[in-house]
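Chemist: Before anything else, here's the structure in question.
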Amino acid sequence: MALVTTKEMFDKAYKGGYAIGAFNVNNMEIVQGITEAAKEEQAPLILQVSKGARKYANHTYLIKLVEAAIQETDLPIALHLDHGDSFELCKSCIDGGFTSVMIDASSKSFAENIAITKQVVEYAHDHGVVVEAELGTLAGIEDEVQVSAEDSSYTRPEDVQEFVEKTGCDSLAIAIGTSHGAYKFKPGTKPQLRFDILEEVEKRLPNFPIVLHGSSSVPQEFVELINKYGGNMPGAIGVPEDQLRQAASMAVCKINIDSDLRLALTASIRQFFAEHPEKFDPREYLGPGREAIKAMVKHKLVDVLGCNGKA
Ligand code: G3H
Ligand code: 13P
Ligand code: ZN
């Protein structure tokens, strides 16, 4: 099997009422933990790379790791650029073998967002690559950009049809209350996604794949381990998994998860060093970290996304 685009996965996910997991990758252990989980669950997969990940790990290393994942699993895997912030970055990933790119011009005006997205779509489609765009702004941190809760804004359903028609994008990320990072809702408040907005979007864009960013659920067992072993993350709160499951049963075909990978790995490593302060072989602490990622991803594939057995 070679790298695939998200076209077929999304068609099947839309019809089947489930979503594909899009997991951020930064190094070998993360790629392995995710793909081993997907292999055991026979789940289609999106491995996504941010601008920061590409800078950290190097484009070629990441491509080769993803090629190895395909060779080892024979699963349909898409390699996706997460939060591309310019035409040049998207072009570089398209030219370098990615099968899907996101152009995130959501912080720009509606007209500018349309113009830059359209430019990326034209280049991508000429090269057999699909494009995710974004309308509405999520709170939280993406690469170097920090968006405060006050500056975030829900997607306006009345804009989505015009945006998709004018840009030709293949999927659309919308803002319905998720946000990036581990602090998504104020402690003491009830986390609640705006399903009314999702329903309105779905009505206006029938059979069109919707994407949810900022969809880590921030499992409290990881936060507790981190806090127990020298970390300091009080008030870390994620999106309730039952709400993600509901979104997956609707028009949402792609659910983005990064923070939960970071939490699983960090909790495991902190615990390891607390219990074995004398050890210093990276394999001894990265190995359990990889297993922690694998277990967490298996749970997402089966209990949240519902994409197990759909490869
Ligand atoms: O949405 C952002 C992703 O979690 C990627 O984060 O830019 O720190 O790699 P990063
Ligand atoms: P989380 O921070 O909730 O994992 O979101 C990741 C994401 O949206 C990547 O684009
Ligand atoms: Zn995101």
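The values are calculated or read from the model by the stated rules, or taken from the named source; none is laboratory data. Because the structure is a prediction, the values reported are computed rather than measured. FYI the Cβ positions are ideal-geometry reconstructions off the backbone, even for glycines, and counts take in every protein chain you see. Just the protein is used for accessible areas: all its heavy atoms, side chains included, with ligands, DNA and RNA removed. Shrake-Rupley method; radii C 1.70, N 1.55, O 1.52, S 1.80 Å.
Chemist: May I ask you to list, by number, the DSSP H helices of the chain whose Cα span along the axis is at least 18 Å and whose average Kyte-Doolittle hydropathy reaches -0.5 or more?
Modeler: Long hydrophobic helices here: 28-41, 59-73, 110-126, 259-275.
Chemist: Which pairs break 30 Å Cα to Cα here: Lys7/Lys203; Lys64/Lys108; Lys186/Lys279?
Modeler: Table pairs above 30 Å Cα-Cα are Lys64/Lys108; Lys186/Lys279.
Chemist: Shape call for the stretch 37-196 from the C-alpha gyration tensor, a ≥ b ≥ c root eigenvalues: rounded (a/c under 1.5), prolate (a/b greater than b/c) or oblate?
Modeler: oblate
Chemist: Regarding the stretch 142-232, what is the average projected area of its C-alpha convex hull, in nm²?
Modeler: So the Cα hull casts an average projection of 7.9 nm².
Chemist: Can I ask one more? Beyond 31 Å, what share of the Cα-Cα pairs of the chain is found? Please give it as a whole percent.
Modeler: Counting every Cα pair in the chain, those more than 31 Å apart make up 25 percent.
Chemist: Of all accessible surface on the stretch 176-254 at a 1.4 Å probe, what whole percent is carbon and sulfur?
Modeler: Exposed carbon and sulfur together represent 52 percent of the surface.
Chemist: Taking 0.36 nm per residue of sequence separation and subtracting the Cα-Cα distance, how much length would be gained by fully extending the chain between Arg194 and Lys7, in nm to one decimal?
Modeler: That works out to 64.7 nm of additional length.
Chemist: In a shell of Cβ-Cβ distance under 12 Å around Ala2, excluding Ala2 itself, what net charge do Lys and Arg (+1) and Asp and Glu (-1) give?
Modeler: Overall, the nearby charge balance is -2.
Chemist: Related question: Taking K and R as +1 and D and E as -1, what net charge do the other residues with C-beta under 14 Å from the C-beta of Leu261 add up to?
Modeler: -1
Chemist: Additional query: Under 1.5 on a/c is rounded, so check that first for the stretch 193-309, then, if it is not, pick prolate when a/b is larger than b/c and oblate when it is not; a ≥ b ≥ c are the square roots of the alpha carbon gyration tensor eigenvalues.
Modeler: prolate
Chemist: Next question. Below 8 Å, C-alpha to C-alpha, sequence gap of six or more: please give me the relative contact order for the stretch 159-311 in percent.
Modeler: 24 percent.
Chemist: Report the residue, chosen from Glu36, Glu221, Glu202, that carries the largest GNM mean-square fluctuation when the chain is represented by alpha-carbon nodes joined by springs under 10 Å.
Modeler: Highest fluctuation among the options: Glu221.
Chemist: Just tell me the longest site-free run in the chain, where the sites are trypsin sites (Lys or Arg not before Pro) in a DSSP loop having at most 13 other beta-carbon atoms within 10 Å.
Modeler: The longest such stretch corresponds to 109-278.
Chemist: Quick one: ranking Glu200, Glu278 by accessible area, 1.4 Å probe, largest first, what do you get?
Modeler: The residues order as Glu278, Glu200, largest area first.
Chemist: Quick check on the chain: of the DSSP beta bridges with both residues there, what percent are antiparallel, nearest 5%?
Modeler: For the chain, the DSSP antiparallel bridge percentage is about 10.
Chemist: So what is the 222 nm mean residue ellipticity for the chain from helices alone, if each DSSP H run of at least 4 adds -39500 (n - 2.57) and you divide by all residues, rounding to the nearest 500 deg cm²/dmol?
Modeler: Computed ellipticity for the chain at 222 nm equals -14500 deg cm²/dmol.
Chemist: From the Cα gyration tensor of the stretch 72-137, with a ≥ b ≥ c the square roots of its eigenvalues, which class applies: rounded if a/c is under 1.5, or else prolate if a/b is larger than b/c, or else oblate?
Modeler: The shape class here is prolate.
Chemist: Now, a different point. From Cα pairs below 8 angstrom and at least 6 apart in sequence, can you work out the relative contact order of the stretch 56-141, rounded to a whole percent?
Modeler: 25 percent
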